[in-house]
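The structure under discussion appears below in the form of structure tokens.
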Amino acid sequence: MKRLPPPLPFLHFLLLLQLFSLLVLLPLPRSAVGAPDDDPGSGTGSDNKTLSPYFRVRGARPGVEALPLRSTRVDATVAGVIADVRVTQVYTNTGTTPLEAIYVFPGSTRAAVHGLTMTLGDRRLEAEIRERKQARQIYETARSEGKTASLLEQQRPNVFQMNVANILPGDEITVELRYTELLSPEDGVYSFVYPGVVGPRYTGASGAGPEDQWVANPYIPKTADDRRAGLTDPDAGTDADGNPVSTFDIAVTLAAGVPVQEAVCRSHRTKITYDDPSTARIALDPAARADAGNRDFILRYRLAGEALKTGLLIAEGTPGAGGADGENWFVAMIQPPARPVAASLPPRDYLFIIDVSGSMRGFPLQTTKTLLRGLFPTMRPQDTFNIVLFSGHSTSLAEAPVPATPANIRAANELLDRQYGYDGTELLPALRHAFSLPRPEATSRTIAIVTDGYVTVEHEAFELVRQHLGGENGANVFAFGIGSSVNRHLIEGLARAGQGEPFIVTDPAEAEAVAARLGKTIASPVLTNINVSFDGFDVYDVEPATLPDVFAERPVILFGKWRGPRVGKITLTGLAGGGAGEEGEGGNAHDSRRFTAALFPGATVPLPRADGLSRLWARHRIAQLGDDVEAGAADREERIAEITTLGLTWRLLTKYTSFVAVDHVVRRDPGTTPGQVRQPLPLPRGVENSAVGGDIPTSPEPGTWALMGVAALVLGAAAWQRKQSRRRSARS
């Protein structure tokens with residue numbers, strides 16, 4: 001009797017079973033399964049591609065406290081235009097194992113972080129400022145010896161990392177950091193921003209290097225119900241009774257010194273009360289604290305009349321206050337003229353570089369589409385434009401700029417409508433692609449970069465922009481940060497490198513207004529050809545050394561030192577409206593007029609203390625030196641040494657200086673090792689789980705090739721079986 005072949009469905013079942021077996025045996029990406037229990041993302045292994053965000057695996061380490069950060073509280077006092085901020089973090093250990101907590105959190109790009117205190121029981125320890133490597137060594141030695149210690153490091157100008165070692169079961173450790181920043185108005189509106197959370201960073205196909213270990217951080221995933229409510233998974237951050245394990249609270253005292261016309265916070269539910277016309281208190285609504293830390297806190301306020309838009313802050317130093325004994329300081333804020341109405345503008349070329357990666361899915365990409373629908377109508381038919389979309393790869397609307405006709409704008413909107421957010425965030429290839437595109441001759445180009453900024457290649461991006469300024473494709477760069485907690489370091493840095501302006505859009509309702517602002521900003525600079533003179537006022541170490549054109553209606557700010565009598569005047573001159581001169585050049589018909597503003601030190605009452613202004617000067621100097629280092633200055637090492645010296649002298653957190661505090665009581669057996677826990681972060685509001693995808697290779701990895709091969713075998717076998725069945729049927 002002839003043996004029959006196995007039934008077709010049964011053969012398919014065997015092949016699928018084989019495929020499933022291979023799937024189980026193949027290694028999964030780290031982001032899909034969470035990090036291993038031992039020091040996730042430490043970067044000590046040979047494969048640094050594991051340095052990427054990942055989702056927390058709940059219950060993976062029994063007995064080890066998974067959420068050591070109990071609370072964060074922010075207390076800010078705004079006196080005039082200077083904000084003093086105190087951030088208090090409380091760490092606890094409810095587990096049974098001593099642990100080391102690692103917490104990555106954001107800060108203001110303009111913050112001068114000048115103090116750190118650690119409190120354990122009745123012991124309060126003031127941290128010391130040390131060179132970064134030395135501080136790390138002091139901390140690691142204390143950790144291995146069983147002593148409780150804390151270490152604060154700067155990973156980016158707006159990203160900090162706190163390490164707290166040897167938190168014993170039952171411990172409560174409080175760490176307090178302090179910083180100062182200068183606030184300046186734009187279009188008459190002041191903003192105080194406290195960033196809530198660090199968004200997940202895409203590390204690229206080549207992965208992150210050991211210096212970027214901080215990106216290997218766990219995130220709390222969203223569920224379907226959470227997406228509908230706009231929340232992060234609540235159960236991942238609650239105790240057995242459903243109460244939040246980690247809370248966020250913020251309170252701001254606004255002591256303006258002049259009447260406050262209006263104060264509003266649209267990012268959070270708050271209660272605003274007034275002690276008097278010039279003093280307001282802003283407190284977070286207690287019912288809104290559970291998810292308050294998943295986005296930036298933004299307080300905007302106006303002052304009555306023209307108060308504080310232009311002003312001079314003076315401080316006389318005292319011996320032993322830091323730096324050279326008796327140094328005096330000033331900060332000058334000079335308001336430029338109102339933006340003129342441009343009579344006629346030459347044609348302009350617009351290049352929009354738009355992030356459509358996985359982290360932009362949902363709210364950020366919808367906001368981007370709303371923004372661009374508002375921007376496109378500001379273009380005129382004589383203008384030209386092009387679009388570059390980027391995620392894991394980049395593509396453009398056209399090979400060359402196209403006229404801004406209704407048909408071309410409709411095609412651009414249709415292209416945007418087809419985007420939904422997928423793949424990695426390959427910013428650098430997109431910038432190279434964009435800068436290689438041609439532009440019409442004798443036309444000014446405006447580049448608008450739209451992204452959430454969740455990348456680790458800030459330095460490389462700044463350098464690419466600098467390299468292409470002034471050349472054939474030179475342009476002003478305007479950067480748009482989209483989302484509830486964007487990477488402001490990237491957005492502000494791109495605009496600074498491109499001599500443009502940054503814009504932040506946190507809400508779709510703001511998109512149209514921001515689009516209108518860009519249209520006005522591009523149409524005409526507020527002030528060009530700026531020059532500052534000091535007549536009879538002996539100054540030195542003035543920052544910045546040169547002043548770029550001003551596009552936004554915000555003050556020109558100068559930091560510096562002075563000596564001798566407080567006399568003379570500070571004079572700023574420039575051309576309003578972006579014209580070439582009072583009478584014009586070459587028949588230029590643009591409206592332009594010479595602008596002059598003066599400040600008088602002798603008429604200014606000195607501040608009671610100099611430490612605030614001195615730190616602001618040092619912070620700005622550090623930022624300028626940091627830009628030079630990133631730009632590849634020939635004296636790079638000397639500038640790094642100067643940053644280090646400034647950090648040590650003024651007790652400031654920098655890339656090369658860190659704060660370290662050590663309790664010299666041995667509290668753990670040095671022969672044991674504490675468990676290491678990275679505090680999981682909530683995804684920023686509006687950011688989907690697709691943002692935490694680990695490394696997204698530009699070509700399939702070996703495991704992917706294997707899966708593709710197995711799939712091909714299955715399909716081939718099925719086709720062969722069908723062919724054999726047809727032959728048997730034909731014979732019969």
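Nothing in this text is a laboratory measurement; each read-out follows from the coordinates by a stated rule. As the structure is a prediction and not an experimental result, all values here were calculated from the model. Virtual Cβ from ideal backbone geometry, glycine too; neighbours counted across all protein chains shown.
A crude spin-label estimate for the pair His664 and Arg86, with each label 7 Å from Cα along the Cβ direction, gives 2.7 nm.
FRET efficiency for the Glu316 to Thr94 pair, using the beta carbon distance and R₀ = 41 Å, is estimated at 0.20.
Show me the trypsin sites (Lys or Arg not before Pro) within the stretch 489-520 that DSSP assigns to loop and that have at most 15 other Cβ atoms within 10 Å of their Cβ. Hits after loop and neighbour filter: nothing returned.
Packing around the peptides 100-108, 177-185, taken as the average count of other Cβ atoms within 10 Å per residue, puts them in this order, highest first: 100-108, 177-185.
Report, in whole Å, the centroid distance computed from the Cα atoms of the stretch 662-677 and the stretch 63-106. After rounding, the separation between the Cα centres reads 20 Å. Taking every DSSP bridge with both residues inside the stretch 348-523, close to 15 percent are antiparallel. In the distance distribution for the stretch 86-225, Cα-Cα pairs more than 25 Å apart total 37 percent.
Of the trypsin sites (Lys or Arg not before Pro) in the stretch 629-665, not one is in a loop by DSSP (not H, G, I, E or B) with at most 14 other beta carbons within 10 Å. The residue list Ser396, Thr446, Leu431 was ranked by how far each Cα lies along the charge dipole of the stretch 387-472 toward its positive end, using unit charges on Cβ atoms, and Thr446 comes out on top.
Length gained on full extension, Thr546 to Arg636, computed as 0.36 nm times the residue gap minus the Cα-Cα distance: 30.4 nm. Maximal additional length on extending the Gln382-Arg418 stretch stands at 10.3 nm, based on 0.36 nm per residue less the C-alpha distance. The distance linking the stretch 515-563 with the stretch 599-655 is 18 Å (Cα centroid to Cα centroid, whole angstrom). In plain terms, the residue of Leu490, Leu625, Leu303 with the fewest other Cβ atoms within 10 Å comes first and the most crowded comes last, giving Leu625, Leu303, Leu490. Checking every one of the GluC sites (Glu not before Pro) in the stretch 369-450 against DSSP loop status and a limit of 10 other Cβ atoms within 10 Å picks out Glu399, Glu441. Summarised as an ellipsoid, the stretch 348-523 has semi-axes of 21, 19, 16 Å, derived from the eigenvalues of the Cα gyration tensor scaled by 5 and square-rooted, with the largest first.
Taking amide H as placed 1.01 Å from N in the peptide plane, Phe297 has its amide H under 5 Å from the amide H of Tyr194, Gly196, each at least 5 places away in sequence or on another chain.
Could you compute the FRET efficiency for Arg594 and Glu186, with r as their C-beta to C-beta distance and R0 at 25 Å, rounded to 0.05?
Step by step, r from the Cβ atoms, then E = 0.60.
Residues whose amide H comes within less than 5 Å of that of Gly568, counting only those at least five positions distant or on another chain, are Gly602 (H built at 1.01 Å from N in the peptide plane).
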